[in-house]
Amino acid sequence: MVPVTYYLVLSAILFTIGVAAFIFKRNIITIFMSIELMLNAVNLSFVAFANMHHNLDGHIFVFFVMVVAAAEAAVGLAIIISVFRTRETLNVDRVNLLKL
Amino acid sequence: MIHQALFFIFAAICVAGALNLLLQKHPISSALSLIVVMGSLALLYLLLGAQFVAAIQIIVYAGAIMVLFVFVIMLLNAGIEEHTEGSRIAVYFGVPAVAALVGMVLYVLLKTSHIEYQVQLGGFVKPTRDVAMLLFREYLLPFEVTSVLILIAIMGAVVLARREP
């Protein structure tokens, strides 16, 4: 038997590490991966609450989060490819002009 | 007992993978540690009785989405990340921001830690049929709307990544 709080604490830890990676990383692809980490942390708390309330709605919401994450990854990586084509860099500090 | 042991082992692997994502300099190392995090999260979903979510986690997240990431990293030949002037500003403002976030999360968790509910191994296991019933009855409209969202995302990705003539 594990208290549900442990799962929520783990989810909070993962979310915080995701926020830290989002702020400190400079590579645009790694920043994108930290967003995925935050989405995964939220999914864990959805599943933990579904278990706690004996309700399957949490699982459904996890599917929707995954669908949105997949759509976001496809569009975001396409944007990264087109940014790399025009700037020749992946460092977010060097992508600081709206116009070339 | 076995539940606690499995939880702590895979929670430790999860946190170690996430920290590795934060500390590694090369994006491919970060991507591989993110796959480790997703795999151990799938096992935690199994402990919580969500078998279908665990399978989808492995297939969609660790499979499809991370393959896309690794593919883009190799396509763009991404190297070790460099640190510039802006990254020092990010550290100055980011450390207090993350510290504030940790403080708030800890405060809320300590306030709400009176939740006495104990997760039991096999205490809440529903067949996939029930999930499907819910998804295709109550949540039919959101399901169809997400299919439109995916279609638009595919078209957007194709338009964005196409080489200008």
* **Residue check, residue A:46 open to solvent by 40 Å² or more (accessible area, probe 1.4 Å), closer than 29 Å to residue B:5 by Cα and under 19 Å from the mean Cα position of the chain (by Cα)** => yes
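Yes or no, residue by residue, for (1) under 23 Å from residue B:16 (Cα atoms); (2) within 9 Å of another protein chain (Cβ to nearest Cβ):
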residue	(1), (2)
B:39	yes, no
B:42	yes, no
B:53	yes, yes
B:56	yes, yes
B:61	yes, yes
B:72	no, yes
B:101	yes, yes
B:105	yes, yes
* Residue under evaluation residue B:81, criteria (1) open to solvent by less than 80 Å² (accessible area, probe 1.4 Å); (2) in a helix (DSSP H, G or I); (3) at the interface with chain A (Cβ under 7 Å from one of its Cβ atoms), criterion not met -> (2)
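Has the stretch B:140-150 got at least one residue that is facing chain A (nearest Cβ under 8 Å), under 23 Å from the mean Cα position of the chain (by Cα), modelled with pLDDT of 85 or more and open to solvent by 60 Å² or more (accessible area, probe 1.4 Å)?
Within the stretch B:140-150, the first condition is being facing chain A (nearest Cβ under 8 Å), and the residues that meet it are B:142, B:146, B:149-150.
Still in the running and under 23 Å from the mean Cα position of the chain (by Cα): B:142, B:146, B:149-150.
Next cut, modelled with pLDDT of 85 or more only: B:142, B:146, B:149-150.
Narrowing further to those that are open to solvent by 60 Å² or more (accessible area, probe 1.4 Å): B:149.
Scanning the stretch B:140-150, I find at least one residue that is facing chain A (nearest Cβ under 8 Å), under 23 Å from the mean Cα position of the chain (by Cα), modelled with pLDDT of 85 or more and open to solvent by 60 Å² or more (accessible area, probe 1.4 Å), so the answer is yes.
The values are calculated or read from the model by the stated rules, or taken from the named source; none is laboratory data. The structure displayed is predicted, hence computed values, not measured ones. Heads up, the Cβs are rebuilt from the backbone with ideal geometry, glycines too, and the neighbour counts pull from every protein chain shown. SASA here: full protein model, heavy atoms, side chains in, ligands and nucleic acids out. Shrake-Rupley method; radii C 1.70, N 1.55, O 1.52, S 1.80 Å.
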